[in-house]
Every structure is written in structure tokens, then in C-alpha cells.
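Asks: Attaching a single structure in C-alpha cells format; questions to follow.
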Amino acid sequence: MRSEFLPFTRPAINEEDIAAVGEVMRSGWITNGPKNVEFEEAVCRLTGNRYAVALTSATGGMHVLLKAMNIGPGDEVITPSLTWVSTINMIVQVGATPVFADIERDTLMVSAETVRSLITPRTKLILPVHYAGAPADLDAIRAVAGDIPVVEDAAHALGTYYKGRHVGAGGTAIYSFHAIKNITTGEGGMVVTDDAELARAVRMWKFHGIGCDAFDRQNRGRAPQAEVQFPGFKYNLTDMMAALGISQLKRLTAINARRRELAQYYRQQLAGVDGVLPLEAPAYEHTHAWHLFIVRVVSPQCSRDQFMADLKAENIGTGLHFRCAHLQKYYREAMGFQPGMLPNTEWNSDRICSLPLFPDMTERDVDDVVAAIKKVLA
Ligand SMILES: *Cc1c(COP(=O)(O)O)cnc(C)c1O
């Protein structure tokens, strides 16, 4: 057994990152300012989108995007239940109704066919998730969506390419820079889009519903008397976090390449192990960002929860991404969701487990995880 605990993830922070944050702290301007602008431009160059708006989190990004798209009571949003609960919470928070699409059993993605069957005259938005770092089938989903807007939850998908283009390109997507994501600002998020009006509205919603912020007033000569146009939120990212993001983003290619090597090594080492079933890669052409390495625990002797507890006793940390949203307390009680509604979602929700995967891990660490899995399942 390992003597030292192996966490399920650890951010890859280096001295350059620390120096970049320190520089902002010494500069006299620490809230959103020039580093936010630079971070937004760098993300646009990566994804190929025209506009990007940095925010304190992807959850905040979802909140303001729903507001900016004028989604509220009576509107339906089609999205998976197997996702981070923040998305569903924000849909409910703006007064709209989440409509859950079941997922493909072995990729965890919503399919265009499932989405099509759920579209009604009230559908105002389709919100697929690029799960674990692989892309959802965007062409097919956009085709069934027709005129209904599609927003991609790309929290797992910085560096994910679908048929040769970065996800989000030509559309609207939300990224997260939470501590466990492929690059991090501690907490942070980004909305990217090609729609100028939408970008402007998101920027206002994230800052009190005022047309300009402190940086605009001080440095860009914008009117200090700017007025509230509507009662917005306050979700602006600090420049300390933006500087960390810029520094991290420079290493994205290397970070994702290392994740890919480790994921491939996992796949080889787990190939003959009954009892755990890795996800499958989607059939269409793509580049995987390997945000998570997920297996399904399918051993008749060992439940997923037991598996996670036993691995912890072997000094191996794991994660659960995610427990389906529709069967959590609030959603069961307030919205009456019942087991059996979403068979593939529920089957996976009971069995998925994320194994340790982060760039500073070694192949020896993977060997330790695989040895512990074999022991736990024996
Ligand atoms: C992390 C995550 C989010 C939320 O990101 P935050 O920045 O923590 O708000 C949303 N959706 C998915 C799929 C995520 O994994």
C-alpha cells in the first residue's frame, strides 16, 4: 500500500504562476482590469470566438447568460441531469423549468435524438455538456435545435476539439477555472460567444446592470455617471485570478498532453480488469482534453460507494462526477422527479467514479491506483 495519500486531483501551479499573481498584487490595481482583458483575448484566440467575458465562476456565467437570454418562468431548458448541479440550480433560480435529456450509456453525452424528442414550443435553450473532456455531437445537436439557441457547458472542455474546431467555436459556451479544472484561477469562469449583443448583455449582467465598470471609468474614459439599466449581479473576476489564468493558459497544451498520456496508460493497465468499465470515446473525430478519467464500478461484489471507501483506505483519493441532479433532495421533493425516469443517467450515477488524474502524477502513481483497484475488487 502507498505510504502517501494520492489525491484525485491537484492543481498544477508553478513559480511563474505565483510570480504573475504577485506582479498584479504589487501593481496597485487588483480587481478586474488589464489582466481580465488579456485573459479574455487569450481565450478568444484559443477557442476562435469573437467575444469572451471573464467571471467569478461558470455558475455565475450560467446565471447571467440565462438572464441575458431572457429565460424565465414558462420557459424550458433541455439539459442532462448527469452534470454539476449548478446548471440545474441556475435554471430553477431564473424561474425556468429544466427538462432532462437522458445520456448515452458509455459516453455520458446527450444525443441529438434524445434532445429532439424533448423539444416543445416552450423550449428556449438547449444546454449540452462536453463530458469529462470529450465533445458532445455538436453538429447533430445544432441540426435538431434549428432556431433554438444552444449553449455548451464546456467546463470540462478547455482544449477539446470537435471535428477540428475548438468546442464553442461559432457558438456560445461556458468554461470553468475552478481548482479541479484543466487550468485554474482558484475560482473563475468565462462565457465565450460570437454574438456581440449577448456578450454586451452578459458584461452588464455581471456588473450591477451598469454599462461600464471601474476599469472602464478610470482607464477608458467612460462616463463615471453610468446608470443602472437593470438590477444586475456582481460576478467580476479579480486581476489576480486573471493573471493566474493567463499564466496557466500558456501551459494548456502541455497540461492536456500529459493528461492524455496518463489516461492512455490507465486504459492499457485497466484493460484486463473486470469490475471497472472506463467510458468510451465518441465515434466522431475529436481531441479529448482528459479532464476526468471515469470508470463505472460493475463488480457484483462491490458497490461504487464501497469501492471509493476501500480505495481511500488504500490511500487513493477518488471523485464522483456526478450524482444525477434529478434525484437529489430538492429536485425529488419540489419537482417530483422519480427513479426510473432516466435509465442511462441513473445507471451511471450509481456506478461512476473518477480516478486520480492530474499533470504532476507519475506512471508509478497510476500503477498504485491499478494495484489498489485489483486488490479492492478481489
Ligand atoms: C465545474 C463545473 C461547472 C461549474 O463551474 P464553477 O466554475 O465551479 O461554477 C459547471 N458544469 C460542469 C459540468 C462542471 O464540471
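The values are calculated or read from the model by the stated rules, or taken from the named source; none is laboratory data. For clarity, every value in this text was computed on a predicted model and none was experimentally measured. Cβ placement follows ideal geometry from the backbone for every residue including glycine, while neighbour counts extend to all protein chains displayed.
Asks: Could you tell me which of the residues 132, 101 is assigned by TED's automatic domain parsing to the domain that holds residue 169 and at positive phi? Before the answer, list the steps.
Replies: Working: 101 fails: at positive phi.
Going through 132, 101 in turn, the sole match is 132.
Asks: Right, here's the next one. Any chance you could count how many residues in region 266-280 are outside any strand (DSSP E or B), of a type outside the set (Gly, Ala, Ser) and touching a residue at least 24 places away in the same chain (Cβ under 8 Å)?
Replies: The number of residues fulfilling the criteria is 7.
Asks: Of all residues being more than 13 Å from residue 141 (Cβ to Cβ) and in contact (Cβ under 8 Å) with a residue 24 or more places away in the chain in region 108-122, which is nearest to the chain's Cα centre (by Cα)? Just the residue, please.
Replies: Going through the qualifying residues, I end up with 108.
Asks: From 257, 263, 283, 309, grab the single residue that is more than 28 Å from residue 1 (Cβ to Cβ), assigned to a helix (DSSP H, G or I) and more than 18 Å from the chain's Cα centre (by Cα).
Replies: Sole residue among the options that is more than 28 Å from residue 1 (Cβ to Cβ), assigned to a helix (DSSP H, G or I) and more than 18 Å from the chain's Cα centre (by Cα): 257.
Asks: Oh, and also: Return the pairs, sorted by first residue and then second, in which the second residue is loosely packed, with under 14 Cβ neighbours inside 10 Å and modelled with pLDDT of 95 or more, the first residue lies in region 19-34 and is small (Gly, Ala, Ser) and in a helix (DSSP H, G or I), the beta carbons are less than 6 Å apart, and the residues are 6+ apart or on different chains.
Replies: Qualifying pairs under 6 Å: none.
Asks: Right, next: Just give me the residues in region 53-91 being farther than 14 Å from residue 205 by Cβ and away from the ligand (no atom under 15 Å from the Cβ), in sequence order.
Replies: Those that are farther than 14 Å from residue 205 by Cβ and away from the ligand (no atom under 15 Å from the Cβ): 73, 74, 75, 76, 78.
Asks: Could you pull out the residue among 245, 171, 189 that is in the same structural domain as residue 135 (by TED's automatic domain parsing), surrounded by 16 or more Cβ atoms within 10 Å (Cβ to Cβ) and either charged (D, E, K, R) or touching a Pro at 6+ places or on another chain (Cβ under 9 Å) (or both)? Before the answer, list the steps.
Replies: On the way: 245 fails: either charged (D, E, K, R) or touching a Pro at 6+ places or on another chain (Cβ under 9 Å) (or both); 189 fails: either charged (D, E, K, R) or touching a Pro at 6+ places or on another chain (Cβ under 9 Å) (or both).
After ruling out the rest, the residue left standing is 171.
Conditions (1) over 23 Å from residue 230 (Cα atoms); (2) modelled with pLDDT of 95 or more, marked per residue:
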site	(1), (2)
155	yes, yes
161	yes, yes
165	yes, yes
168	yes, yes
179	yes, yes
183	yes, yes
188	yes, yes
192	no, yes
215	no, no
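Asks: Return only the number of the condition from (1) at pLDDT 95 or above; (2) in contact with a strand residue (DSSP E or B) (Cβ under 9 Å, 6 or more places away or on another chain) that residue 38 does not satisfy.
Replies: Status for residue 38: all satisfied but (2).
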